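Presented below is the structure to which this report refers.
Bear in mind these aren't lab numbers, they're just calculated from the coordinates by the rules spelled out. Everything quoted here is computed from the prediction, not taken from an experiment. Virtual Cβ from ideal backbone geometry, glycine too; neighbours counted across all protein chains shown.
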Amino acid sequence: MPIKGVHAMFYSAQAEALRAFLRDKLGLAATDVGGGWLIFDFAEADMGVHPVDHADAPPSGAHSISFYCDDIEQTVAELRGRGVEFSDEVTDQGYGLAIHFEMPGGVKVELYQPRYK
């Protein structure tokens, strides 16, 4: 049986606030699996492996989670309208257009519009 998805986990000292942020501010659909646990389901996902071949690269074994969208300007405007505060402006990162924000519990993430399909 082939692998059919990827599961990601955020660890947060403000778990309830982070769950509410993901549901209410980012508009992610969730299933309540009991005890306050929300599992957020995505229609698609992708995963890459990045070499640590330059001085400012994260250490080997590091990982990151990003959200992606089709239209970053529209998505950023919509999220700002829901109260999401961004820590920078949209910049060209080569692989796509990217911006960053922080979620409850100090969880920093990237939102990007990929150039790849």
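Return the distance in nm (one decimal) between the two label points of a simple spin-label model at E102 and Y116, each offset 7 Å from Cα along Cα→Cβ.
Label-label distance for E102 and Y116, simple model: 3.0 nm.
How big is the Rg/Rh ratio for the chain, C-alpha atoms only, Rh by Kirkwood, two decimals?
With Rg and the Kirkwood Rh in hand, the quotient comes to 0.96.
As an exercise, use a Förster radius of 22 Å and the Cβ-Cβ distance of R23 and M47 to find the FRET efficiency, rounded to the nearest 0.05.
That gives a FRET efficiency of 0.40.
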